[in-house]
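Written out below as C-alpha cells is the structure these notes cover.
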C-alpha cells in the first residue's frame, strides 16, 4: 500500500503551496572540474544517486473525494530530463549575475503532479566551473530518513570517470481509486480523527491556531505592529532577490577564542552588525534598545543520545530558539556579548548537538538541516519573530559532486509567508557561506547586506585583545 502523507506534510501542500517560495529550500553549489563538463555524464550521476533516495521518483496522489490525506506513489511517467535542467549565464558571468538567475529560478513553481524537486545545471561561470541549484519541496523532508536533494548528490569521494551501469528503475504500480477509497474508509473506521485531518481547511485552521498558542507560550508575547519590525515584513509578495556572501571561518574562530564564546555566537554577531549597518543606510534611526527577533532553529538530540557518544549520532531534531539581535547596540563587543548571553540561556529538555557532531550526522548535512529548520519555523506564528536565521556547520574537508570538486556552497533559504528577509549560513572547508533571500519590493538591495558582512567581521576582529 502507498505511504500516506503525515499531517504536517499534508499541511505544507495547502493553499497551492507548490507555487510558494515559502515551501521549498534551495542550495547553490559551485563545482570545479579539470576538463569540460559532460552533461550526459552528469545526468547519469544524478540518476545513479536517486537510487538511494526513492522519494525523489515519487509524486503525490490525492484520494478520491478527499476522504483521507494524500499518498506517495511512484511516478509512472518519471522523466529525469524534466527535473534536471540546463541554464547559462551571459558572458562574463559573475556572482551577481548568478544570484539574479537563482532568484528567478527560486520563484518558479514546482509541478504539483510530478515529483516535487528540480535541479538546474548553470554554465557560463569563470574558470569552467558549473553552478548547481537544487530546489526541494519541504514535503519531501518528512520522516526520520528523508534528506535534501543537495545532500543526496554530494559524496565523500570523487565519482569514477568511467560510466557505471545504472540499474533500470521500474515504478511500482499505484493502487487504483477503489483500493485507495477502501483504505481511506478503513483508516477512518480505525482512526476517527482522520475525519478532521482530511478536511484541509479545518486541519489548517486548527493547526495554525495550535501553533499560535504554543508559539506564544514558548516565545514570549507577540511583538506589536509597527516600528523596526515592519522593515522585515511584507503583505504582498512581489518576487524574490538573492544575495551571496562568505567570510573565513578561521577569523570567526579566533574571535570566539578571544571572547570565550561559541563560533555560532560570532557568526550571529557578524550578521547582526551587517543588519545594523544596512538599517542605518536605509535612513532608519536606531536606539540602543532596538532588537530584531530572530528564530534560530537548532539541532537537538536527547540526553541519552548526546551525553557520551555524539560522534555516532545519526539524526537530530530541530527546535526553534528565539534570539534577540541587538541591532541598536553600536559597540560590536557588546553586541557579541549580548548574543552570547542569549544563546547560553537557551535551555531545552534535550541537549543541543555540537558543531562537530552536527557536521557528522549524515555526510554533507547542511542542506537537509536548513530545510528542516524552515519546516520548524513554519510551525510558529509569524508574528512572534522578524526573520529566520539558520546556521548549519558542514565538513571542513573537501567533498565532491560527481567527478568534480565542491568548491563553494551557498544555502538559499526559503522566504516564509509574510517575511521580507531570510538568512542561512553554512561552513564548509574553512569558509562560512551566507545566503540571503528577500522580497523584491520590501528589501530590493539584499546584496548590500552581504557586502556589509566583511566590514561587520572586521569590526569584531578589532575588538580582539
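The values are calculated or read from the model by the stated rules, or taken from the named source; none is laboratory data. Just so you know, these numbers come straight off a predicted model, no measurement behind them. Neighbour counts are summed over all protein chains in view; Cβ atoms, including those assigned to glycine, are modelled from backbone coordinates with ideal geometry.
Tabulated values for the structure
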item: Among the residues listed as 381, 367, the single one being assigned by TED's automatic domain parsing to the domain that holds residue 296, touching a helix residue (DSSP H, G or I) at 6+ places or on another chain (Cβ under 7 Å) and surrounded by fewer than 20 Cβ atoms within 10 Å (Cβ to Cβ); result: 381
item: Filter pass, residue 389 being under 17 Å from the mean Cα position of the chain (by Cα), in the same structural domain as residue 271 (by TED's automatic domain parsing) and either surrounded by 24 or more Cβ atoms within 10 Å (Cβ to Cβ) or free of Cβ contacts under 8 Å to residues at least 60 places away in the same chain (or both); result: yes
item: Matching option when the condition is surrounded by 21 or more Cβ atoms within 10 Å (Cβ to Cβ) and either assigned to a loop (DSSP other than H, G, I, E, B) or out of contact with any strand residue (DSSP E or B) (no Cβ under 6 Å at 6 or more places or on another chain) (or both), among 96, 55, 41, 49; result: 55
item: Test: residue in the stretch 51-61 that is within 30 Å of residue 441 (Cβ to Cβ) and assigned by TED's automatic domain parsing to the domain that holds residue 21; result: no
item: Residue in the stretch 294-311 that is within 30 Å of residue 400 (Cβ to Cβ), out of contact with any strand residue (DSSP E or B) (no Cβ under 8 Å at 6 or more places or on another chain), at pLDDT below 90 and surrounded by fewer than 18 Cβ atoms within 10 Å (Cβ to Cβ) present; result: yes
item: Residues of the stretch 382-411 classified as at pLDDT 95 or above and out of contact with any strand residue (DSSP E or B) (no Cβ under 8 Å at 6 or more places or on another chain), total; result: 0
item: Matching helices (runs of 4 or more DSSP H) fully within the stretch 130-197 where at least 3 residues are surrounded by fewer than 12 Cβ atoms within 10 Å (Cβ to Cβ) and modelled with pLDDT under 85; result: 177-190
